[in-house]
Amino acid sequence: MAVPKQRMGRIRTHQRRSMHDRIEKPARSICPQCGEAKLPHRVCPNCGYYKNREIIETE
């Protein structure tokens with residue numbers, strides 16, 4: 001059975017894992033109606049539009 005010659009250090013292990021375990025920021029897109037940032041493929045919470053149609057009435 002294969003056995004590593006030396007033990008991998010704690011720092012090296014954490015550095016390798018840190019790229020995969022990090023939390024990424026959610027994607028943002030700009031609403032064409034009001035220009036506010038919103039989540040892609042969702043109704044804009046500010047103006048209520050999605051694909052140039054008003055889905056939610058806002059005052």
Between a first residue in segment 38-50 that is free of Cβ contacts under 8 Å to residues at least 24 places away in the same chain and within 10 Å of R28 (Cα to Cα) and a second residue that is surrounded by 18 or more Cβ atoms within 10 Å (Cβ to Cβ) and β-branched (V, I, T), which pairs have beta carbons less than 9 Å apart while being 6 or more apart in sequence or on different chains? none
Test Q6 against the stated conditions and say whether it is surrounded by 11 or more Cβ atoms within 10 Å (Cβ to Cβ) and either touching a Phe, Trp or Tyr at 6+ places or on another chain (Cβ under 7 Å) or assigned to a loop (DSSP other than H, G, I, E, B) (or both). no
Filtering segment 9-41 down to residues that are loosely packed, with under 10 Cβ neighbours inside 10 Å, within 30 Å of I55 (Cα to Cα) and of a type in the set (K, R) yields K25
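Which of the residues that make up segment 43-59 are surrounded by fewer than 10 Cβ atoms within 10 Å (Cβ to Cβ) and not in a strand (DSSP E or B)?
Scanning segment 43-59 gives K51, N52, E57, E59.
Laboratory data are not the source of any read-out in this text; all were calculated from the coordinates shown. Since the model is a prediction, treat every value here as computed from it, not as a measurement. Cβ sites come from the backbone with ideal geometry, for glycine too, and all protein chains shown count toward neighbours.
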